[in-house]
Every structure is written in structure tokens, then in C-alpha cells.
Amino acid sequence: MTALDRLRSAMRRAGIDALWISDPANVRAVSGFSSGKDGKVLVTADSAILYTDARYTVQAAEEASMPQFIARPPDTYTHAREATSGQRVGFEADHLTVALLDDLRDHWPDASLVPVRGLVHGLRVTKTARELDAIRAAQRIADHAFAQVRPMIRPGVTELDVALELELAMRRAGAQSAFDIIVASGPNGAKPHGVASGRVIGDNELVTVDMGARVDGYHSDMTRTVAVGDPSAELRRLYRAVLEAEQAAVAAIRPGGRAADLDRLARDLLTGHGLCEYFAHSLGHGVGLDVHEAPGLRGTSEDVLEAGMVITIEPGVYVPGVGGVRIEDLVLVTETGYEVLSTAEKEQL
Ligand SMILES: CSCC[C@H](N)C(=O)N[C@@H](C)C(=O)N[C@@H](C)C(=O)O
């Protein structure tokens, strides 16, 4: 069964005849066109078409697995009017803006527009061998960049210096940075998403580095917290508690396991150390064409792990005025358990 066949089955289950795909990662996943932010896909029961504009005529012809129509709105909508007339057309409720929905209503007066969620994401949640190759390659590049740059994380160097060196190393290896690299030193460590600043790293501090690479559109994601000099007993205590929670959650990964249970496991361990109130985010998330995608590893998640999912496990504690620790591995769920894809060394404090 092809991905389009599976998507059409999902569309039938959702009670729609056609699907207007606007989320860039979904456009890429369904069509193969790598500039998804400048494309849309219309899938019907018997056709699928990629819409993009003349900047991409050659690229779309090379990459897309479906016919293309080169135009910009409103010509795009005019072209799609016939295929959507009298149809129940799903649109991606978690992506399409209100303004763009108005445009669809104006141009497709004979279609009934139906909000849908997660139809394409459902296809993306377990990875094919080709997707896994790209994610593994991205993680290898990130691991290598971290190993190269780790020795320069020392007093007197700015967070930005570290981030730039990491980005350079990944770019030189043929990847892009998956997101703005987080380098959070000393008290900045209390900000889970403290993007690298001009702060000079001091002695006896912890430094959290959260980085990822992107290869062929697929991301990696990994965090290490490193010690500079001789951090205080309190910082070491935070570090050990997070490492314990991280290792326990990774060890509990198995197909059929509930994502919410993993989140609970890590949270309970941190509660035992009196630190749960400082764990300010979910335990992890899926990784693929988006850095954050399904499944969600959080307390309210209904997701169940399946072989082929790529997820992160990343407990953290963030203590205002003191600092923070996050340790994150990228993990493949396998038929028998799991495989940790991130290999960068972890400190033993
Ligand atoms: C701006 S992308 C940064 C990615 C980073 N590695 C990351 O995943 N951070 C987590 C703390 C995070 O943002 N988790 C999300 C899923 C959440 O808890 O809502």
C-alpha cells in the first residue's frame, strides 16, 4: 500500500472526499517536494496534484512524485475549483490560517470545507527505512560536531561562540542546524529554551547544549549538560537526578508502551528527589520532518509507542537563579525495545 493509498483510507475514515494539504512538512511528506512552505497538495479519491509557483518549476519536476500545476493564488484556487466542486474537502485545521480559509471559501463556493487534524501526521509517525537513514545521518553529524566543539566549552568563551562553532561543524558536514542552538550557561540554564547569548561562560558552571542537525529535511535533536570546572554539590545533585530519570525512561521504552507512562516514570523519579516542580516541560516528542511531531510524550498524551517511531527522552530541571540541567537522547523504538541513536558522551558528575 502506498502512502497515498493509506492517506485516502484515512480520508475515507474522516468522512472527506478530498484533502487540501498546507502544512509544509505534510506537503513534503506526501509529494516529495522539498520546498513545502511554497507548495500545497490537493488529494482526491483519484488524483493528487502539487501546486507551487514558477520559482520551483524545475525543482518540483525533479522532486515531486505527482503532477504539478505551476501558479500562484488565486489561479491555484481557480484551477482546483472543479476538483473540489460538490466535495467534502478537508483542510488542516492546525495549520491553515483564518485568512486562507476565507480564500478557500471564496474560491470554492460549491465545496464543503471540513476541518481535519493529524491525517498526514498519522502517516509520518513511524519512519520508513529511507527516513531513518536521514535521521541517523543527521544525528551522526550532530554527535560529531558536539565531540569536536566540546573542548572549547570552558571559562571565558561565550555561549554564542559555542553555538557558532557547532553550527559551522554541522554545515561543513553537509547538514543544516535543526533549530537555533541552545547554549545556556550558569543561571541561564534555568531557561529551558535559552538561545545562545553573548554571556561569557564562567568557572564551576553547568552549560546546557541542545542541538540538532537536518539532513534531507529530517531532523535530529539531542541535549547534553556539561560541567565547566568543579560545579557545586547542589548542581551535581540536579545533574544526577536528571540523568537517573533520563536513563530510567529510556530503559522503559518498548512498543505498546504508553507515552504518558514514560512521562510519569520520569516525573515520579524527579519527585523522589524533590525536583518535580522544576521539570517544566514534557518528557519528549517525536522527531522527523518536524523537530516536534507525534507522538507526544506528556502526561495527557494518548499515544502508544510503535516500532519505527523516533522519539526524544529529555527530562530537565530548571531552578531560577541557580541554573538547570537537561539530558536528551534521540531514540528509535524497535520491535523488541529501543535503540539510542545519539552517541555523544554524557558527563558523570
Ligand atoms: C525550538 S526547538 C528546540 C527543541 C528542543 N530540543 C526541545 O525539544 N525542547 C523541549 C524542552 C520542548 O520544547 N518540548 C516540547 C515538546 C514541550 O514540552 O512542549
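Computed from the coordinates by the stated procedures, all read-outs in this text should not be read as laboratory data. Everything numeric here is computed off the predicted structure, so don't read it as measured data. For neighbour counting, all protein chains shown are included, and Cβ atoms are generated from backbone atoms with ideal geometry for every residue, glycine included.
At q = 0.18, 0.22 Å⁻¹ the log10 of I(q)/I(0) for segment 112-158 amounts to -0.73, -0.84, computed by Debye summation with a single uniform scatterer per C-alpha, solvent ignored.
What the phi angles of segment 112-120 give under the Karplus curve with 6.51, -1.76 and 1.60, with θ = phi - 60°, is a coupling list of 9, 8, 10, x, 10, 10, x, 5, 6 Hz, glycine and proline written as x. Counting only alpha carbon atoms, the long axis of helix 233-251 and the longest principal axis of the chain meet at about 40°. Distance from the C-alpha centroid of segment 290-349 to that of segment 111-142: 17 Å, rounded to the whole angstrom. What translational diffusion coefficient, to the nearest whole µm²/s, does segment 1-125 have by Stokes-Einstein, given a Kirkwood radius computed over alpha-carbon pairs, a temperature of 37 °C and 0.692 mPa s viscosity? Approximately 230 µm²/s, per Stokes-Einstein.
Of all DSSP beta bridges located in segment 1-120, what percent are antiparallel, nearest 5? Within segment 1-120, antiparallel bridges account for around 40 percent of the total. Relative to the dominant Cα principal axis of the chain, helix 159-172 is inclined by about 50°. Helical runs (DSSP H, four residues minimum) scored at -39500 (n - 2.57) apiece and divided by the length of the chain put the mean residue ellipticity at 222 nm at -10500 deg cm²/dmol. Taking amide H atoms as placed 1.01 Å from N in the peptide plane, the amide H of residue 285 lies under 5 Å from those of 297, 312, each 5 or more residues away in sequence or on another chain. Angle of helix 3-13 to the longest C-alpha principal axis of the chain, folded into 0 to 90 degrees and rounded to 10: 80°. Binning all Cα-Cα separations of segment 1-46 at 10 Å, short to long from zero, yields these whole-percent fractions: 30, 53, 17. Taking only the C-alpha atoms of segment 184-311, the Rg (one decimal) and the largest Cα-Cα distance, Dmax (whole number), read 15.8, 45 Å. Kirkwood's formula applied to the C-alpha pairs of the chain gives a hydrodynamic radius of 21.7 angstrom.
For segment 44-114, trypsin sites (Lys or Arg not before Pro) are listed when DSSP marks them as loop and at most 16 other Cβ atoms sit within 10 Å of their Cβ; the list is empty.
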